[in-house]
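*Asks:* A single structure is presented below for examination.
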Amino acid sequence: MVAHLVHVAILDDDSSVRTALSRFLKAAGMAVDAFGTSDRLFEYVALKSPDCLLLDFRMPGVTGLDVLSHFGQRHIRIPAIIMTSYDEEGLRSACLDAGAIAYLNKPLHPERLIEMINEVSETAHAEMLAFSAGPGMTRHGDRHGG
């Protein structure tokens, strides 16, 4: 069981998907912020660090791989789940190789999604506690004390 409020950031260009996922995850007791463009997500993550990202793969002008690359280049490590309606050969392995922790086909299975987010959140929270206990890197890639 997750002992802290799980915070999820959603990136999907389809407003109906954002709304449905937001409502579902909030009903499951999670804090949710949803974005229709990668620029808005990037601005948000510069200020906050969600426990998990839900990223649509195919959006106008950007892919989930582009988003993972953006964060990777900045040494920002937030567990990301890629969601797609367009399952193509090699896409799953490309996303996982790029750092996604999971690759899910739409329509999503709600119970499995909640389970996956909670698992990711527990691991991320434990890592944050370990980081705050001593010197090292934060999830945003910045050095801190010690």
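The values are calculated or read from the model by the stated rules, or taken from the named source; none is laboratory data. It should be emphasised that the depicted structure is a prediction, and the values quoted were computed from it without experimental measurement. As a convention, Cβ positions derive from the backbone with ideal geometry for all residues, glycine included, and neighbour counts pool all protein chains shown.
*Asks:* Return the total of residues in segment 39-56 being in contact with a Gly (Cβ under 8 Å, 6 or more places away or on another chain) and assigned to a helix (DSSP H, G or I).
*Replies:* Just the residues of segment 39-56 that are in contact with a Gly (Cβ under 8 Å, 6 or more places away or on another chain), to begin with: 55-56.
Now drop any that are not assigned to a helix (DSSP H, G or I), which leaves none.
Residues meeting the conditions: 0.
*Asks:* If you don't mind, another one. Suppose the filter is of a type in the set (Val, Ile, Thr) and free of Cβ contacts under 8 Å to residues at least 12 places away in the same chain; does Thr63 pass it? I'd like the intermediate steps shown before the answer.
*Replies:* Details: of a type in the set (Val, Ile, Thr): yes; free of Cβ contacts under 8 Å to residues at least 12 places away in the same chain: yes.
For Thr63, the condition - of a type in the set (Val, Ile, Thr) and free of Cβ contacts under 8 Å to residues at least 12 places away in the same chain - is met.
*Asks:* Under 8 Å by Cβ, and 6 or more places apart or on different chains, what pairs join a residue from segment 25-39 that is farther than 22 Å from Arg112 by Cβ with one that is hydrophobic (A, V, I, L, M, F, W, C) and assigned to a helix (DSSP H, G or I)?
*Replies:* Close Cβ pairs satisfying both conditions: Phe35/Leu41; Ser38/Val67.
*Asks:* Now a separate question. Within segment 51-96, track down each residue that is over 21 Å from Ser22 (Cα atoms), over 14 Å from the mean Cα position of the chain (by Cα) and crowded, with 17+ Cβ neighbours inside 10 Å.
*Replies:* Val62, Leu91, Arg92, Ala94
*Asks:* Can you report the number of residues in segment 1-43 which are surrounded by 16 or more Cβ atoms within 10 Å (Cβ to Cβ) and of a type in the set (Phe, Trp, Tyr)?
*Replies:* So the answer is 2.
*Asks:* Please work out which residue is modelled with the highest pLDDT, limiting yourself to segment 106-127 and to residues that are of a type outside the set (D, E, K, R), loosely packed, with under 15 Cβ neighbours inside 10 Å and not in a loop (DSSP other than H, G, I, E, B). I'd like the intermediate steps shown before the answer.
*Replies:* Start the filter on segment 106-127 by keeping residues that are of a type outside the set (D, E, K, R), which leaves 107-110, 113-114, 116-118, 120-121, 123-126.
In the following step, the residues that additionally are loosely packed, with under 15 Cβ neighbours inside 10 Å were identified as 107, 109-110, 123, 126.
If we keep only those that are not in a loop (DSSP other than H, G, I, E, B) too, we end up with 110, 123, 126.
Values: Pro110: 89, Thr123: 74, Ala126: 66.
Selected residue: Pro110.
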